[in-house]
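Each reported figure results from applying straightforward, stated rules to the coordinates on display, with no laboratory input. Owing to the predicted nature of the structure, the values given are computational and were not obtained by experimental measurement. Ideal geometry is used to build each Cβ from the backbone, glycine not excepted, and the neighbour counts take in all protein chains shown.
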Amino acid sequence: IAQYHWSPVFFMSDIVDAERGGKLRTSPEERGYVRHCPSKLGDLLPWYNCFYVLDYLMIIVIAIALISLRAYKPTEANVDALDRLPEDVILEYYNFEAGDELWTSGREYALWIGIPITGFILAQIWVWSLHDFHNAILGYIQSWIMTAFFVELFKRIFGFLRPDYLERIDEYDDDSDTEFRDARMSFPSGHAASGMATLFFFSLYLLGKLRPFDEKAGDGFLFQFVMIISPTVVCLYMSATRITEFQHFFSDVIVGWLIGMFFAFCSYCLVYYPPVWHPLDGRPKPKRSRNIQAVFMRRFKEKDWFPCIPGGDKSE
């Protein structure tokens, strides 16, 4: 049975084997890490696995797909709504006067990027773990890039009209259809989805670190709970302004929240043990494929290229 020893320096617990008299597993090999990096780099980053490159490549692929997707126009299936719907319905839903947008011109990115990244950096004062910081940044990027891709995809598939659609098309310039395109990209809300993908992910990160619901540690504190929900509350406020500024309908924001929360939670669980119910909640996960890579490297050194063939390849 494994017990866990807490250290103020290394947040990721040192594993203690009860059968070994409580002796700490201090070496990378005893902790289950495999030295598959160059010797000096392996000593510095014993947790690192070259298979992380697959995650990096997937992020690049999704980013390229996202950039390519933005070149396509949203469907015009709902443009004829002005001809199909009664005039009173059109004036009720699509004739709002858009106000000045609060979260635009880069101010929203200051929150989506500034709050989580600053939090990850400050957390290292207590955590002091490159493994934790690497997984935090990796999960954060995974959450945001996947959310952005699916939001842009849905915007172009559905082509729903914004509440200020009539005002936008009145100012439509035949030489530039930027406003006309954006007026048909109401569903889902990109601000709501991106806010949840980044700020809700940060809330999950804080939940795993502060652990206010850990029964073994005793009662949690209210200030811990407030710290955890604060990033999500900021996202809720930002999303609410998109409704009051007549940029989105309520349903657009709700679906944006759901998309962002889904990918934030999935991305968090890819790089960290799940919060609250897992005994190792808040600890960064080791890469599962490290054992696969160790087998591959052993085959490579032995030049056993075809392990599925009896006897393998014994050529020198």
Practice problem: Using a Förster distance of 22 angstrom, determine the FRET efficiency expected from the C-beta separation of residue 130 and residue 266, and round it to 0.05. | Solution: 0.40
Quiz item: Can you work out the FRET efficiency for the pair residue 53 and residue 84, with r the C-beta to C-beta distance and R0 = 41 Å, to the nearest 0.05?
Solution: 0.20
Quiz item: Considering only DSSP states other than H, G, I, E and B, which trypsin sites (Lys or Arg not before Pro) in the range 197-254 qualify as loop sites with at most 10 other Cβ atoms within 10 Å?
Solution: 216
Quiz item: Between residue 122 and residue 216, what FRET efficiency comes out of the Förster formula 1/(1 + (r/R0)^6) with R0 = 30 Å and r the beta carbon distance, rounded to 0.05?
Solution: 0.70
Self-check item: For residue 272, residues with placed amide H under 5 Å, excluding near neighbours
Solution: 285
Quiz item: If you look at just the Cα atoms of the range 61-285, how large are its Rg and its Dmax in Å?
Solution: 19.9, 66
Self-check item: Inter-label distance, nm, simple model (7 Å from Cα along the C-beta direction), residue 243/residue 67
Solution: 3.6 nm
